[in-house]
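Colleague: Just passing along the structure, written as structure tokens.
The values are calculated or read from the model by the stated rules, or taken from the named source; none is laboratory data. Fair warning: this is a prediction, and the values are worked out from it, not measured in the lab. As a convention, Cβ positions derive from the backbone with ideal geometry for all residues, glycine included, and neighbour counts pool all protein chains shown.
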């Protein structure tokens, strides 16, 4: 998100001065890193948690539609960066089919209802539904091999799905920013605090982690895009909008495949249904990934619990985040999410054999020795005030913006990076529109993201045009 915002602002105003502070020695190695996130290119083609089923049996596809539209904007922005020769497609994006696979009569009924609803939107018009086991075996032979013939199975497939290495994408954008006049990137530098400077701007206090030297940077606008650490910095910003926000950390684990034959035979992202009480980041999937030029196969993620807000964070992150303004929302959110607590306890206590049993539901014939456990990233789910419920736990991405638009902070997790372009376009409009700049930038914004301000779910012609154009530029299979 931070790299995306930096690129957009620099394209909109080449004279702007940008200071970027990164606490690690390289960008994109926390939440954005390939091993630390799903990398699905969340377009809602296969993630069933974006199309929840209500108690009455109806299915809501609103969130899926919004995410799919947002991902198209991201593709447009990436295509713009490729055209400008800032990045190369092979560095971060690969064509990988997106498949939803379920078993059991109730789940098959759900998937068919979901498919029928999604066919009403042009965003999902290319989706294929099947209960034909032979066809599913063509799509995902590793997943179907050894599956009981008596098991009722159904699947949907979107051939135009992608795998995105958001770590590489972040680093490519940061490298380009480093070459631009007026941009300075400070590695191994931690942001400590920010205070109003008395003239409408902000003093940002930072510390070099190598020599422990503290410095101050003054800015008219501050974006806090520090992953899990955002909450701490937001709490230090003297804006009323910070009040009531808390965070609940969830860690993750992958099973990484060591069997090269399995890796070679599987080429898809196969998503199933999450367990009851599981957070969205824990939707199980058999996942083809391209990481550092190498094809990998992952299964998971399994959820865990740590009080850290970052993978490289402190065990005191959660305790120190509790303040008088968010204590009550956090208590109420905790009481209302006991299934999540139960789920996390069960996940933390899992043995290797229990994880393997979960894996065998998706790859029935596999061996435990074919896989090794690998730590994924930390996610901090948003907790905020709610007038009726006292406090709620949110499973999305949220931007908190000060009333005067001089401070913005990004909170939350999934769908995260996939919606970066849409989220940052909205932020630019909200934060820079107060000075009338957004109106002046309309032409450039349309050049960077041609579908900005257009509902692609309601404009089939433009959707077809943009998918065809971005597929060609990003060297992907055409819709």
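Colleague: So which residues in the stretch 385-410 are closer than 27 Å to residue 201 by Cβ and buried (at least 18 other Cβ atoms within 10 Å of the Cβ), if there are any at all?
Modeller: Of everything in the stretch 385-410, those that are closer than 27 Å to residue 201 by Cβ and buried (at least 18 other Cβ atoms within 10 Å of the Cβ) turn out to be 397, 399, 400, 402, 406, 407, 408, 409, 410.
Colleague: Which one is farthest from the chain's Cα centre (by Cα) among residues in the stretch 149-168 that are touching a residue at least 60 places away in the same chain (Cβ under 8 Å) and assigned to a loop (DSSP other than H, G, I, E, B)?
Modeller: Once the filter is applied, the top-ranked residue is 159.
Colleague: Sticking with this structure for a sec: Please enumerate the residues belonging to the stretch 173-191 that are touching a strand residue (DSSP E or B) at 6+ places or on another chain (Cβ under 6 Å) and exposed (fewer than 15 other Cβ atoms within 10 Å of the Cβ).
Modeller: Correct list: 178, 184.
Colleague: Answer yes or no: is there a residue in the stretch 116-131 that is exposed (fewer than 14 other Cβ atoms within 10 Å of the Cβ), modelled with pLDDT of 95 or more and more than 27 Å from the chain's Cα centre (by Cα).
Modeller: yes
Colleague: Next up: Please verify whether the stretch 69-84 includes one or more residues that are surrounded by fewer than 17 Cβ atoms within 10 Å (Cβ to Cβ), farther than 18 Å from residue 165 by Cα and at pLDDT 95 or above.
Modeller: There is at least one residue in the stretch 69-84 that is surrounded by fewer than 17 Cβ atoms within 10 Å (Cβ to Cβ), farther than 18 Å from residue 165 by Cα and at pLDDT 95 or above.
Colleague: Check residue 363 against each of (1) within 24 Å of the chain's Cα centre (by Cα); (2) in contact (Cβ under 8 Å) with a residue 40 or more places away in the chain; (3) under 25 Å from residue 253 (Cβ atoms) and name the one condition it does not meet.
Modeller: (1)
Colleague: Out of the residues in the stretch 258-274 meeting the condition of being part of a helix (DSSP H, G or I) and surrounded by fewer than 18 Cβ atoms within 10 Å (Cβ to Cβ), tell me which one is farthest from the chain's Cα centre (by Cα).
Modeller: 261
Colleague: Could you check the stretch 119-147 and list, in sequence order, the residues that are under 18 Å from residue 363 (Cβ atoms) and either in contact with a helix residue (DSSP H, G or I) (Cβ under 7 Å, 6 or more places away or on another chain) or free of Cβ contacts under 8 Å to residues at least 60 places away in the same chain (or both)?
Modeller: Those that are under 18 Å from residue 363 (Cβ atoms) and either in contact with a helix residue (DSSP H, G or I) (Cβ under 7 Å, 6 or more places away or on another chain) or free of Cβ contacts under 8 Å to residues at least 60 places away in the same chain (or both): 133, 136, 137, 138, 141, 142, 144.
Colleague: In addition: Filter the helices (runs of 4 or more DSSP H) completely within the stretch 306-412 down to those with at least 1 residues that are touching a strand residue (DSSP E or B) at 6+ places or on another chain (Cβ under 9 Å) and modelled with pLDDT under 80.
Modeller: It comes to 327-335, 338-348.
Colleague: If you don't mind, there's one more thing I want to ask. Restricting the first residue to the stretch 417-442 and requiring it to be buried (at least 23 other Cβ atoms within 10 Å of the Cβ), which pairs with a second residue that is at pLDDT below 85 meet a Cβ separation below 6 Å and a spacing of at least six or different chains?
Modeller: 418/41; 418/42
Colleague: For the stretch 8-32, how many residues are out of contact with any strand residue (DSSP E or B) (no Cβ under 7 Å at 6 or more places or on another chain) and either surrounded by fewer than 20 Cβ atoms within 10 Å (Cβ to Cβ) or more than 22 Å from residue 431 (Cα to Cα) (or both)?
Modeller: Residues flagged as out of contact with any strand residue (DSSP E or B) (no Cβ under 7 Å at 6 or more places or on another chain) and either surrounded by fewer than 20 Cβ atoms within 10 Å (Cβ to Cβ) or more than 22 Å from residue 431 (Cα to Cα) (or both) within the stretch 8-32 amount to 13.
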